[in-house]
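The values are calculated or read from the model by the stated rules, or taken from the named source; none is laboratory data. Computed from a predicted structure; not experimentally measured. Don't worry about glycine lacking a Cβ; one is built from the backbone with ideal geometry, like all the others, and counts go over all protein chains shown.
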Amino acid sequence: MKRFWMASVSLLILFQSCFAQTETDQPNGLEMAVKMSDSEIKHFPEPWTVDFNAKPAWNYTQGLIAFSMMKVWKENSNETYYNYAKTYADKFIDADGVIRNYNLADYNIDAVNSGKFLFDLYDHSKDERYLKAIKQLREQLKTHPRTSEGGFWHKKRYPHQMWLDGLYMGAPFYAQYAQFFNEPELFDDVIKQFLLVHKYTYNPEAGLNYHGWDESRKQKWSNPETGCSPNYWGRAEGWYAMALVDVLDFIPENHTGRNKILEILKQVAAGIKKHQDAKTGLWYQVLDKGTHDGNYLEATASSMFSYALLKAVRKGYISNDYKAVAEKGYTGMVEWLVKKNENGTISLTKCCAVAGLGGNPYRDGTYKYYINETVRDNDPKGVGPFIMASLEYSMK
């Protein structure tokens, strides 16, 4: 009986290892990153399926997971995560370095994001195919349609529009390309994207940015005076926050525009802090309407904010006063949003599956629209940032 009891206790400890608490009752960030990565691989053995898609797609969601897997590999040197990302690349990049299922003429800024993990893949493998694929994505930005002041349209089929999402999709890749290929003149264009979207979407009273801006004012969702969409969607602000901290990895310390990015980041961080839920440390689907019927604490935005704040504090971009905000956000996710499954995996719950503006059927950007979009577990737009937030938490 005693041996049975001891074996049962040992099994329980093993199962709960990734949730192990220190003396200060804090989760282990690296173990959580590994556990979520292992779970993702088990949930989606083929990396192109991570967005629940039935057909292979070169897209930002798969690229986000591959990017986060590469970060885990760089942290613990376990080739499992490198190989998972490489499998995604090799599914689409042919022997000549051409990306299948990618059409430059679509001018979809989302497609560029998947190129970020290829830099590390090339560095490690020296396979020229990955370098050629990187250059193929760079070509898109040379002719990508822009607003009258030079801001990238979100997509060709969304003319004259800049969305916060698009800053994450294009700017970090663009900045890394500039650094990698020693083309410093590109940094001005990278910085311009942030200056323009912030100029038109930021509301200092709320401390938040509207999801999108239509320069033409032709969209039904756009304010006829400002061109902005009507609400502050959590994940849109999350993409923007991550874009700000990630682009700073590549903009030189002595670049005259770097301080402008830091100023914007400080404003965004203040807004994130202002709208954090006091009880859980999480953030709502519609950020400034937490008390409204139907709103809910949403995982993808919470993952993104936690990652952005943890990294910004670690790098010294924002005051150390934000450390408590960042840590509360991360530990809140572990406590309220991470679920243990019977097969030993874990899942990230309460993820908004998708949200946008315009299109067919038409998405009007109203509060009712955002809170009624599909909610699901293990959406890659939450899992990827959660893995990255876990790694940042381990470095705090």
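Condition test on N53, is it part of a loop (DSSP other than H, G, I, E, B), in contact with a Pro (Cβ under 7 Å, 6 or more places away or on another chain) and modelled with pLDDT under 95?
Details: part of a loop (DSSP other than H, G, I, E, B): yes; in contact with a Pro (Cβ under 7 Å, 6 or more places away or on another chain): no; modelled with pLDDT under 95: yes.
In short, no.
Only one of the numbered conditions (1) buried (at least 16 other Cβ atoms within 10 Å of the Cβ); (2) in contact with a helix residue (DSSP H, G or I) (Cβ under 8 Å, 6 or more places away or on another chain); (3) under 30 Å from C228 (Cβ atoms) is violated by N108, and that is (2). Filtering segment 341-376 to residues that are among the small types (G, A, S), surrounded by fewer than 17 Cβ atoms within 10 Å (Cβ to Cβ) and closer than 30 Å to Y158 by Cβ leaves A353, G359. Pairs meeting the criteria (first residue in segment 143-159 and closer than 19 Å to D188 by Cβ and buried (at least 22 other Cβ atoms within 10 Å of the Cβ), second residue basic (K, R) and modelled with pLDDT of 95 or more, beta carbons under 9 Å, at least 6 apart or on different chains) are G151/K192; F152/R146.
Of all residue pairs spaced 6 or more apart or on separate chains, those with beta-carbon atoms under 9 Å, a first member in segment 353-378 that is more than 18 Å from D214 (Cβ to Cβ) and in a loop (DSSP other than H, G, I, E, B) and a second member that is of a type in the set (S, T, Y) and modelled with pLDDT of 95 or more are A353/T374; V354/T374; D377/S347; D377/T349; N378/S39; N378/S347; N378/T349.
Here Q176 meets each of (1) touching an Asp or Glu at 6+ places or on another chain (Cβ under 8 Å); (2) of a type outside the set (A, V, I, L, M, F, W, C); (3) within 30 Å of K220 (Cβ to Cβ) with one exception, condition (3). Screening the candidates S216, S222 for the property of being of a type outside the set (D, E), buried (at least 22 other Cβ atoms within 10 Å of the Cβ) and farther than 30 Å from D377 by Cα yields one hit, S222. Checking every residue in segment 118-131 against the condition of being within 17 Å of the chain's Cα centre (by Cα), in a helix (DSSP H, G or I) and touching a residue at least 60 places away in the same chain (Cβ under 8 Å) gives zero matches.
Residue check: V338 meets all listed conditions (1) buried (at least 24 other Cβ atoms within 10 Å of the Cβ); (2) over 30 Å from K156 (Cα atoms) but one, namely (1). Put simply, of K323, K311, K266 the only residue that is over 23 Å from Y174 (Cβ atoms) and not small (G, A, S) is K323.
Those residues that are polar (S, T, N, Q), surrounded by fewer than 20 Cβ atoms within 10 Å (Cβ to Cβ) and in a loop (DSSP other than H, G, I, E, B), I need them from segment 275-334; list them, please. Don't jump to the end; show me each part of the working.
At the first step, the residues of segment 275-334 found to be polar (S, T, N, Q) are 276, 280, 285, 291, 295, 300, 302-303, 306, 319-320, 331.
Subsequent filtering for residues that are surrounded by fewer than 20 Cβ atoms within 10 Å (Cβ to Cβ) retains 280, 291, 295, 319-320, 331.
The answer is T280, T291, N295, S319.
Please work out which residue is farthest from K274 (Cα to Cα), limiting yourself to segment 199-235 and to residues that are in contact with a strand residue (DSSP E or B) (Cβ under 7 Å, 6 or more places away or on another chain) and in a helix (DSSP H, G or I). Across segment 199-235, the extreme among qualifying residues is Y200. Sub-8 Å Cβ pairs linking a first residue in segment 383-396 that is farther than 10 Å from L310 by Cα and without any contact (Cβ under 8 Å) to a residue 24 or more places away in the chain to a second residue that is of a type in the set (D, E) and outside any helix (DSSP H, G or I), at least 6 apart or interchain, number zero.
Taking the stated definitions as given, is G115 at pLDDT 95 or above and in contact with a Leu (Cβ under 6 Å, 6 or more places away or on another chain)? So that I can check it myself, show each step before the final result.
Values: at pLDDT 95 or above: yes; in contact with a Leu (Cβ under 6 Å, 6 or more places away or on another chain): yes.
Taking the combined requirement at face value, the residue satisfies it.
Out of E128, E185, E139, which single residue is surrounded by fewer than 16 Cβ atoms within 10 Å (Cβ to Cβ) and more than 29 Å from Y84 (Cα to Cα)? Working first, answer last.
Numbers: E128 fails: more than 29 Å from Y84 (Cα to Cα); E139 fails: more than 29 Å from Y84 (Cα to Cα).
Answer to the selection: E185.
Which residue out of K132, K91, K74 is among the basic types (K, R), at pLDDT 95 or above and in contact with a strand residue (DSSP E or B) (Cβ under 9 Å, 6 or more places away or on another chain)? Give the steps one after another, and end with the answer.
Values: K91 fails: in contact with a strand residue (DSSP E or B) (Cβ under 9 Å, 6 or more places away or on another chain); K74 fails: in contact with a strand residue (DSSP E or B) (Cβ under 9 Å, 6 or more places away or on another chain).
Of the residues listed, the single one that is among the basic types (K, R), at pLDDT 95 or above and in contact with a strand residue (DSSP E or B) (Cβ under 9 Å, 6 or more places away or on another chain) is K132.
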